[in-house]
Amino acid sequence: INFALGLLGLIAVIIILIGGFKWMTAGGNEDKVTESKKMMTQGIIGLVIVLAAWGIAKFVIETALNMTTT
């Protein structure tokens, strides 16, 4: 689970970086700036979802392990 969510988190960070690069190279073109802002927003939302999924999975696994040992 950690590997899969880590990979998804890495992909989200790469999407954010690509959006930032597109914004830097937009040259003042408003359409490209809007597209890159949208891409960065989607990357941030994806990162938040991955982090929430990791937290929930960790909680569930730890709770299940504690129930079996008790």
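The values are calculated or read from the model by the stated rules, or taken from the named source; none is laboratory data. No experiment lies behind these values; they were computed from the predicted model shown. Here the Cβ positions follow ideal geometry from the backbone for every residue, glycine too, while neighbour counts run over all protein chains shown. In case anyone asks, the SASA skips ligands and DNA or RNA and just uses the protein heavy atoms, side chains included. Shrake-Rupley method; radii C 1.70, N 1.55, O 1.52, S 1.80 Å.
Worth pointing out:
- For the criterion of being part of a helix (DSSP H, G or I) and modelled with pLDDT of 95 or more, I14 passes.
- Cβ-Cβ distances below 7 Å connect the following pairs, each with a first residue in region 36-63 that is in contact (Cβ under 8 Å) with a residue 40 or more places away in the chain, a second residue that is in a helix (DSSP H, G or I) and among the aliphatic types (A, V, I, L, M), and a separation of six or more residues or different chains: V50/L5; V50/L8; V50/A12; A53/L5; W54/L5.
- No other residue among K32, K22 is surrounded by 13 or more Cβ atoms within 10 Å (Cβ to Cβ) and either touching a Phe, Trp or Tyr at 6+ places or on another chain (Cβ under 9 Å) or in a loop (DSSP other than H, G, I, E, B) (or both) apart from K32.
- Residues of region 33-65 that are small (G, A, S) and closer than 13 Å to G19 by Cα: S36, G43.
- Selected residue [open to solvent by less than 60 Å² (accessible area, probe 1.4 Å), in contact with a helix residue (DSSP H, G or I) (Cβ under 9 Å, 6 or more places away or on another chain) and not acidic (D, E)] from A4, A52, A57: A57
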